[in-house]
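Enquirer: I am attaching a structure below and will ask some questions about it afterwards.
The values are calculated or read from the model by the stated rules, or taken from the named source; none is laboratory data. Source: prediction; values computed, not measured. As a convention, Cβ positions derive from the backbone with ideal geometry for all residues, glycine included, and neighbour counts pool all protein chains shown. All accessible areas refer to the heavy atoms of the entire protein, side chains included, with ligands and DNA or RNA removed. Shrake-Rupley method; radii C 1.70, N 1.55, O 1.52, S 1.80 Å.
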Amino acid sequence: MNKTDIKSLSLEELQREMEQMGEKKFRAAQLYEWIHKKLARDFSEMTNLSLSLREKCREHFDLATLHSVQVQESKVDGTKKYLFELPDGNTVESVWMRYHHGNSVCISSQVGCRMGCRFCASTLGGLVRNLSAGEMLDQIYAVTLLTGERVSNVVVMGIGEPFDNMENLLKFIRMLTDERGQHISQRGITVSTCGLVPNIKKLAEEELQITLALSLHGVTDEKRKKLMPIAERYSISELMDACRYYFERTSRRITFEYALAGGVNDTKEDAEGLIMLARFVHAHVNLIPINPVEERDYVPSAREAVRAFQAKLLQAGMNVTLRREMGRDIDGACGQLRRKVIS
Ligand code: SAH
């Protein structure tokens, strides 16, 4: 019998399940609290439920939990990178970072990725499968338990393209922000996409208060196509329309992610193009020196080029940050740890 993935069920869905099992509806709230608030890893921990109900739940449901199979801790900044094994044996990465304003976890949304960005390690083996809402949640739950510290910010910037797994992503966000669970503030959540236009619009219509990050990386269609195959499908002009729509519907500033690759997208003209686009959609710009990946050709821009690029944006009055490179000494770039283990 195929068991139901209980961690991916909303409270309302769980209530229906309980009723179908001939149990009282309020049991669902108890189960939900054990799973999403108290972060129980097994039905045996749920001591206010009778032994027989715990047994019945075990027969009926899978309480999918992730197991940490490898941890790397940065000696520089304490960042921890976890390799988690999923119930079916696949692996994903999550990264825990400590900032002044609280702890942040970067989670994966898929096993692998099919977007094919030419500088990225996560996409090298293609897409294996989507993560369920419960598997996305459990990365945060597992990290909370492992570090013993509350998480206040979540970024969906690990392995995978979150907008290629839209339904589970939206469910994950609703459950993560629900007061009956971890109750993380919507403003503490950032979702990063390579630019799937229809789903940017769909997210805008959800009118959530989360931050949308767009991986731009190139300011002309020509340049972007060289770096990101998704640019063949959606033009920059379509992307910018979607970004403006997102801003209009949510009043939330978008972040442009811009990875600087030496001699590729770090010239004065690139900076000027970026200023125009960012102005057009009121975006904040986050510059990232590209992380070299063994199987890829790109190298980070020289320190001087990064500085000049940033200075140009600042002079134009742009809101710009240079991403602190957390955990550089521990295979910081997306997908590098999983890649080492599976290859
Ligand atoms: N698929 C989503 C989220 C995952 S990638 C997206 O594309 O946005 C998270 C961010 O890391 C993206 O901005 C991505 O372009 C960037 N990235 C991937 N590989 C990188 C590398 N080698 N160096 C720097 N940034 C990289």
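Enquirer: Checking a compactness column here: for the range 187-337, what do you get for Rg(Cα) / (2.2 N^0.38 Å), N being the number of residues?
Expert: 1.02
Enquirer: Right, another one. With the crude spin-label approximation of a point 7 Å out along Cα→Cβ, what separation in nm comes out for Asp221 versus Gln20?
Expert: Once both label points are built, they end up 4.7 nm from each other.
Enquirer: Using only C-alpha atoms and all pairs of different ones, pull out the Kirkwood radius for the range 108-196 in Å with one decimal.
Expert: Radius from the Kirkwood sum: 13.5 Å.
Enquirer: On to the next question. Bins of 10 Å, beginning at zero and ending with the bin holding the largest distance: percent of Cα pairs per bin for the chain, please.
Expert: Calculated P(r), rounded to whole percents: 5, 25, 32, 23, 10, 4, 1.
Enquirer: Using the heavy atoms of the protein chains alone and a 1.4 angstrom probe, what is the accessible area of the chain per residue in square angstrom?
Expert: 44 Å²
Enquirer: Here's a follow-up. At a 1.4 Å probe radius, carbon and sulfur cover how many percent of the accessible area of the chain?
Expert: Whole-percent figure for carbon plus sulfur exposure: 48.
Enquirer: If I fit a long axis through the Cα atoms of helix 197-206 and take the longest principal axis of the Cα atoms of the chain, what angle between them do I get, 0 to 90°, rounded to 10?
Expert: Approximately 50 degrees, to the nearest ten.
Enquirer: Which whole-number percent of Cα pairs in the range 59-131 have a distance greater than 14 Å?
Expert: Tail fraction, whole percent: 68.
Enquirer: I would also like to ask the following. Run the simple label-point estimate for Ser152 and Leu51 please: 7 Å along Cα→C-beta, distance reported in nm.
Expert: 4.4 nm
Enquirer: Moving on to the next point. Give me the extension gain from Glu238 to Glu85: residue separation times 0.36 nm, minus the current Cα-Cα distance, reported in nm with one decimal.
Expert: Full-extension gain reported as 51.3 nm.
Enquirer: What translational diffusion coefficient, in µm²/s and rounded to a whole number, does the Stokes-Einstein relation yield for the range 170-209 at 10 °C and a viscosity of 1.306 mPa s, taking the hydrodynamic radius as the Kirkwood radius over Cα pairs?
Expert: Result for D is 144 µm²/s.
Enquirer: Using DSSP, restrict attention to beta bridges with both residues in the chain and report what percent are antiparallel, rounded to the nearest 5.
Expert: Restricted to the chain, the bridges split so that about 45 percent are antiparallel.
Enquirer: From the Cα trace of the range 4-62, what convex hull volume per residue do you get, rounded to a whole Å³?
Expert: 73 Å³
Enquirer: Add +1 for every Lys or Arg and -1 for every Asp or Glu among the other residues with Cβ under 14 Å from the Cβ of Arg233, and state the total.
Expert: Neighbourhood net charge equals -2.
Enquirer: Need the list of lysines near Lys75 for cross-linking: C-alpha distance under 23 angstrom, and skip anything on the same chain fewer than eight residues off.
Expert: Once the sequence-local lysines are set aside, what remains near Lys75 is Lys340.
Enquirer: Right, something else. By how many nm would the segment from Arg41 to Ser185 grow when fully extended, if each residue of separation counts as 0.36 nm and the alpha-carbon distance is taken off?
Expert: 49.5 nm
Enquirer: Taking a virtual spin label 7 Å from the Cα of Asp297 along the C-beta vector, which residues in the range 108-124 bring their backbone nitrogen under 12 Å of it?
Expert: Those under the cut-off are 118-119.
Enquirer: Same structure again: For each pair in Lys171/Lys223; Lys37/Lys202; Lys38/Lys81; Lys56/Lys80; Lys171/Lys268, compute the distance between the two Cα atoms and list the pairs where it is over 31 Å.
Expert: Cα-Cα > 31 Å for Lys171/Lys223; Lys56/Lys80; Lys171/Lys268; rest within.
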